[in-house]
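Read the structure below first, then the notes.
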Amino acid sequence: EDEIRGIGRAARRAGGRALAAGLDVDPALRVAVSAALGDLARSFVVRRDHLASLAGERGLVVLGDAAGPGAAAPGVVETAAVRAGVARVGGGLLAEAVRVDAAGTASRILARCAWVPTLSDALEIAGTLPSGWRVAARTGAVVTAAGTVTLGIADAPLERRVEVEAVGRDLAAA
């Protein structure tokens, strides 16, 4: 639908690409990854110096060349502490669910995201997370360190893309 609205076409003209294009994640964690990305799963990645060409458009973009403290990967000690905390309830780090992310943009966004089996686990773990982190339940609920909760996802673009690819393979085989 973003292609129809124009942001997709405009982003591509500016050298951008869909964030989900070419992104492959562990199927068992696809819902959690989609939930953690939220609206960003439908966004377009553009370079900072091309952003001005999108000024008249409406939509969500991610800077492919983001810099600054928020774009830096979390520290080793911080990551180890979160990994240990979520492992207690059978969870892990969402960035590790990424199989292919050629540009690394989705992995950068998921660097401060963990996953756990249930919403109850997410609520328990969220209170121990460092600032800026969020934890997704495998069911699609997301809880942040700041105490916000998103219950499920209305749209799962990663799931939809996999279904479209499967239909395409089925048609090609027929």
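The values are calculated or read from the model by the stated rules, or taken from the named source; none is laboratory data. Note that the structure is a prediction, hence the values are computed from the model and not measured. Positions of Cβ are generated from backbone atoms using ideal geometry, with glycine treated the same way; all protein chains shown enter the neighbour counts. Just so you know, the surface numbers come from the protein's heavy atoms only, side chains and all, with ligands and any DNA or RNA stripped out. Shrake-Rupley method; radii C 1.70, N 1.55, O 1.52, S 1.80 Å.
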For this session: Filter region 25-48 for residues that are touching a residue at least 24 places away in the same chain (Cβ under 8 Å), out of contact with any helix residue (DSSP H, G or I) (no Cβ under 6 Å at 6 or more places or on another chain) and surrounded by fewer than 17 Cβ atoms within 10 Å (Cβ to Cβ) and give the result.
Result: PRO27, ALA28, ARG47
Exercise. Going through region 7-24 one residue at a time, which ones are open to solvent by 30 Å² or more (accessible area, probe 1.4 Å) and outside any helix (DSSP H, G or I)?
Worked result: GLY15, ARG17, ALA21, GLY22, ASP24
For this session: Need at least 3 residues that are open to solvent by 80 Å² or more (accessible area, probe 1.4 Å) and at pLDDT 90 or above per element, so show me which helices (runs of 4 or more DSSP H) inside region 87-174 make the cut, counting only ones lying wholly within it.
Result: 119-126
